[in-house]
Amino acid sequence: QVQLVESGGGLVQPGGSLRLSCAASGFTVSTYTMSWFRQAPGNEREWVASVTNAAGSTNYADSMKGRFTISRDSAKNTVYLQMNSLKPEDMAVYYCKARSHRYEYWGQGTQVTVSS
């Protein structure tokens with residue numbers, strides 16, 4: 001039974017930090033490409049970062065480079081997104097996605113609010 005559960009969202013001031021977690025069950029995250037996406041009200045869902053299943057290499061959207069870090073903990077079967085230097089533009093619901101050659105799974109999202 002596949003499940004992705006995001007957590008760690010909340011309210012943070014501009015310049016602050018948050019760490020999001022994506023806890024997976026029903027599959028092994030190291031065998032999937034894991035990604036974070038985000039969607040603000042009225043906006044399209046946009047890609048944030050990914051870690052590949054094969055080499056575990058990471059990739060980031062240009063606006064996230066140097067501020068966000070995606071990581072994978074195989075023992076906990078969990079993927080993280082460390083977010084630093086947060087800006088009001090980062091405010092959105094953040095979603096975790098798992099992708100194999102056959103299937104695609106999404107979590108329910110966690111709200112990140114950046115406000116003074």
Exercise. Any residue at all in the range 86-98 that is surrounded by fewer than 13 Cβ atoms within 10 Å (Cβ to Cβ) and among the small types (G, A, S)?
Worked result: no
For this session: Considering only the range 1-21, state which residues are surrounded by 17 or more Cβ atoms within 10 Å (Cβ to Cβ) and touching a helix residue (DSSP H, G or I) at 6+ places or on another chain (Cβ under 8 Å).
Result: none
Problem set entry | Single condition S63 does not satisfy, out of (1) touching an Asp or Glu at 6+ places or on another chain (Cβ under 9 Å); (2) modelled with pLDDT of 95 or more | (2)
Exercise. Could you give every pair whose Cβ atoms fall below 6 Å, whose first residue belongs to the range 94-116 and is closer than 12 Å to G10 by Cα and in contact (Cβ under 8 Å) with a residue 24 or more places away in the chain, and whose second residue is open to solvent by 90 Å² or more (accessible area, probe 1.4 Å) and aliphatic (A, V, I, L, M), counting only separations of at least 6 or pairs across chains?
Worked result: T113/L11
Exercise. What is the number of the single condition among (1) out of contact with any Phe, Trp or Tyr (no Cβ under 7 Å at 6 or more places or on another chain); (2) closer than 24 Å to S115 by Cβ that G9 does not meet?
Worked result: (1)
For this session: Report, ordered by the first and then the second residue, all pairs with beta carbons closer than 7 Å, sequence separation of six or more or different chains, a first member in the range 26-38 that is in contact (Cβ under 8 Å) with a residue 40 or more places away in the chain and farther than 14 Å from Q1 by Cα, and a second member that is open to solvent by 20 Å² or more (accessible area, probe 1.4 Å) and β-branched (V, I, T).
Result: T33/T52; R38/V93
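Would you list the strands (runs of 3 or more DSSP E) that sit entirely within the range 22-88 and hold 2 or more residues that are of a type in the set (G, A, S) and in contact with a strand residue (DSSP E or B) (Cβ under 9 Å, 6 or more places away or on another chain)? Show your work before the answer.
On the way: elements: 33-39, 46-51, 58-60, 68-73, 78-83.
Output list reads 46-51.
What about S50, is it more than 18 Å from Q108 (Cβ to Cβ), crowded, with 17+ Cβ neighbours inside 10 Å and free of Cβ contacts under 8 Å to residues at least 24 places away in the same chain?
Numbers: more than 18 Å from Q108 (Cβ to Cβ): yes; crowded, with 17+ Cβ neighbours inside 10 Å: yes; free of Cβ contacts under 8 Å to residues at least 24 places away in the same chain: yes.
Considered against the rule, which asks whether it is more than 18 Å from Q108 (Cβ to Cβ), crowded, with 17+ Cβ neighbours inside 10 Å and free of Cβ contacts under 8 Å to residues at least 24 places away in the same chain, S50 comes out as yes.
The values are calculated or read from the model by the stated rules, or taken from the named source; none is laboratory data. Predicted, not measured: the structure shown is a model, and the values here were computed from it. Using ideal geometry, Cβ is built from the backbone for each residue, glycine included, and neighbour counts are taken over all protein chains shown. Ligands, DNA and RNA are stripped out before the accessible areas are found, and what is left, the full protein with its side chains, is counted by its heavy atoms. Shrake-Rupley method; radii C 1.70, N 1.55, O 1.52, S 1.80 Å.
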